[in-house]
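The values are calculated or read from the model by the stated rules, or taken from the named source; none is laboratory data. Everything numeric in this text was worked out from a predicted model, so none of it was measured. Virtual Cβ from ideal backbone geometry, glycine too; neighbours counted across all protein chains shown.
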Amino acid sequence: MTGATIAEGYDDRAARRNALVLAAAQAVGASSAPIVISMGGLAGFYLLGDNKLLATLPITTFVLGVAAGSFPAALLMQRIGRRAGFQLGALAPMIGGALAAYAIVIGSFWLLCLGTAFTGLGNSFVQQYRFAAADTASADFRPKAISWVLIGGVITGVIGPQIVIFTKDSLDPIPFAGAFLAQIVLAAALIFVLSFLRIPRPAVVRAGHGGRPLKEIATQTRFVVAVICAIASYGLMSLVMTATPLAMVACDHSQTDATLGIQWHVIAMFAPSFFTGSLIARFGCERIIALGLMLLAGCGVVAIAGLSLAHFWGALILLGIGWNFGFIGATTMLTETYRPEERSRVQGLNDFLVFGFQALATLMSGAMLNAFGWEAVNIVIFPVVVMCFALLIWLWLFGGRETAS
């Protein structure tokens with residue numbers, strides 16, 4: 001740890017410890033998401049009547065819960081600190097899992113949507129783990145800290161789908177309910193893991209000392225490109241991922257095959273995090289985001305090429321890796337646009353926009369699949385990727401290296 005690091009108020013030794021704790025929390029806390037993603041659409045399909053148009057709505061309400069909780073989660077932790085805020089947020093998936101399971105037992109589609117919304121609210125706190133890892137990290141270690149946290153998602157990719165496989169029929173003859181009940185156990189384990197987190201309480205911001213107006217921050221070229229690339233990475237990933245289990249089952253693949261496909265997808269989302277931070281430190285955010293966009297386009301090509309199990313799984317793996325490079329790159333770029341006293345507002349705005357658009361993507365996913373088919377879902381990838389490449393070129397030409405400092 002250098003003197004410069006200490007002088008700037010950063011402590012990379014503490015940041016490494018916190019990043020490891022948050023990686024463990026990510027492994028446990030994010031495991032509710034694969035449960036909702038792999039079971040939400042199928043459970044919605046099971047509960048609906050003849051009109052299956054809204055089958056993926058439980059996934060959409062999950063993402064709406066993430067979006068709705070983004071600002072409150074960030075502002076709450078600005079007031080009470082990271083650890084207390086994260087532990088309080090872990091109560092939401094407990095409620096969500098119980099409501100979703102009960103909804104399936106009584107056959108209520110709308111109660112299922114409410115339950116997944118509560119799980120999404122809890123996930124809005126999980127999404128803040130990457131920012132919490134950056135709180136005490138120096139500029140050099142920051143991309144690695146963010147990346148380390150997301151490494152926990154590799155374990156998530158195993159835990160979540162395996163929980164689904166072993167519990168979805170545990171309340172036979174009622175399907176799916178057992179998987180949602182497992183969220184209660186996961187949330188209890190998460191609260192325990194978070195007890196080891198050590199991030200100093202934020203300093204009280206005096207009136208007139210809260211940094212620049214949010215509009216000024218949000219109109220920076222670098223902020224605009226970072227947020228739009230994050231929206232594109234998460235939105236495209238959600239659009240394709242949400243439709244995939246339904247498309248696979250419609251193509252006569254089993255529910256287990258669909259769940260395992262989601263497992264490989266989630267592993268692919270987070271496994272690159274072992275080296276994504278180092279790649280960003282070496283090559284810069286822009287190049288890694290561009291690489292992620294190319295991989296997302298590759299997902300579209302593979303998905304359109306065929307309907308075999310290999311095509312579905314291969315597309316999901318490319319989708320996951322592309323998301324990793326695009327989203328971590330965009331998150332790191334975002335951290336360069338704000339000052340410490342501005343971070344809660346900026347992080348909350350970023351996540352509200354990202355997960356608001358993700359909710360729209362999940363809602364469009366089911367409707368597009370039913371109306372236009374699997375190929376149409378994947379064709380959407382290409383114009384979005386082209387737009388993001390254009391923005392990166394715009395940043396390179398006109399944005400310079402503007403930062404918050």
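From the list Leu53, Leu42, Leu99, the one residue that fits, being more than 18 Å from the chain's Cα centre (by Cα), in a loop (DSSP other than H, G, I, E, B) and closer than 30 Å to Ile174 by Cβ, is Leu53. Quick one: is Asp172 of a type in the set (D, E, K, R), out of contact with any strand residue (DSSP E or B) (no Cβ under 8 Å at 6 or more places or on another chain) and without any contact (Cβ under 8 Å) to a residue 24 or more places away in the chain? So Asp172 passes the test. Screening Leu295 on (1) free of Cβ contacts under 8 Å to residues at least 40 places away in the same chain; (2) under 30 Å from Ser38 (Cβ atoms); (3) surrounded by fewer than 21 Cβ atoms within 10 Å (Cβ to Cβ) shows it passes everything except condition (3).
The number of residues in region 267-296 being in contact with a Leu (Cβ under 9 Å, 6 or more places away or on another chain) and over 19 Å from Pro143 (Cα atoms) comes to 2. Among the conditions (1) touching a Gly at 6+ places or on another chain (Cβ under 6 Å); (2) modelled with pLDDT under 90; (3) within 30 Å of Ser147 (Cα to Cα), Ala55 misses just one, which is (3).
Which helices (runs of 4 or more DSSP H) does region 288-405 wholly contain that include 1 or more residues that are closer than 24 Å to Leu64 by Cβ, within 21 Å of the chain's Cα centre (by Cα) and of a type in the set (Phe, Trp, Tyr)?
309-335, 343-372
Please indicate, with yes or no, whether at least one residue in region 253-274 is under 19 Å from the mean Cα position of the chain (by Cα) and free of Cβ contacts under 8 Å to residues at least 40 places away in the same chain. No - not one qualifying residue is present in region 253-274. Counting only residues that are buried (at least 19 other Cβ atoms within 10 Å of the Cβ), at pLDDT 90 or above and of a type outside the set (Gly, Ala, Ser), region 242-263 holds 3 of them. Of all residues in region 264-302, those satisfying the criterion of being among the β-branched types (Val, Ile, Thr) and either in contact with a strand residue (DSSP E or B) (Cβ under 6 Å, 6 or more places away or on another chain) or at pLDDT below 90 (or both) are Val266, Ile267.
Taken over region 155-184, the criterion of being part of a loop (DSSP other than H, G, I, E, B) and either modelled with pLDDT under 85 or among the charged types (D, E, K, R) (or both) is satisfied by Lys168, Asp169, Asp172. When Ser365 is tested against (1) closer than 30 Å to Asn51 by Cα; (2) of a type in the set (Gly, Ala, Ser); (3) surrounded by fewer than 24 Cβ atoms within 10 Å (Cβ to Cβ), only condition (3) is not met.
Considering only residues that are touching a Leu at 6+ places or on another chain (Cβ under 9 Å) and crowded, with 24+ Cβ neighbours inside 10 Å, which ones fall in region 301-319?
Of everything in region 301-319, those that are touching a Leu at 6+ places or on another chain (Cβ under 9 Å) and crowded, with 24+ Cβ neighbours inside 10 Å turn out to be Ala303, Leu319.
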